[in-house]
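The values are calculated or read from the model by the stated rules, or taken from the named source; none is laboratory data. Because the structure is a prediction, the values reported are computed rather than measured. Virtual Cβ from ideal backbone geometry, glycine too; neighbours counted across all protein chains shown.
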Amino acid sequence: MALNRVPSIAIPTKLHAAIGWARKFSLFVYPFVTACCGMEYMSVASGHYDLDRFGAALPRFSPRQADLLLICGTVNQKIAPVLRIVYEQMCEPKWVIALGACASCGGPYDNYAVVQSADLAIPVDVYIPGCPPRPEAILDGIMSLQAKIQKQDHTY
Ligand code: SF4
């Protein structure tokens, strides 16, 4: 084996890039489940789809221990203030994924009781379409968020 061969592993060489790499592969999920999309999250978190491959295996059941808020389901007018409180309890840096049509744009419920997008209550980083989204679409959303995290400024 030639001594001058360099392994093809991508190793971050700058501190902020290394922090971004560590953060994107150590996501602690708070599943905010209000409706049927929660079933798809459970499917993704199970062994078959193996969310652990993306460093997001362990759901937290306190927002104070989580940095990724996964909104799974309908956000109605009564639950929106609760969603806001949960979001505010999370520590920085934090990210939000709207999982499914309901969380992204109200889904099939175009009526007075349903908030027509979770981003009317809190900031959202990634929207995953589908009613419900396939597990592969959810994994794609997680990877999109990871790419976004890697590009963010982690110098603070
Ligand atoms: S997007 Fe569809 S599957 Fe998901 S919570 Fe809304 S109605 Fe249920």
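Count of segment 21-72 residues, restricted to those that are acidic (Asp, Glu) and either surrounded by 18 or more Cβ atoms within 10 Å (Cβ to Cβ) or within 16 Å of the ligand (Cβ to nearest atom) (or both), is 2. The residues listed here are 131, 91; of these, the one that is modelled with pLDDT under 95 and among the hydrophobic types (A, V, I, L, M, F, W, C) is 91.
Only strands (runs of 3 or more DSSP E) whose full extent lies in segment 60-156 are considered here, and the ones with at least 2 residues that are within 16 Å of residue 28 (Cβ to Cβ) are 68-72, 95-99.
Residue-level analysis places residue 99 among those that are of a type outside the set (Lys, Arg), crowded, with 22+ Cβ neighbours inside 10 Å and under 13 Å from the mean Cα position of the chain (by Cα).
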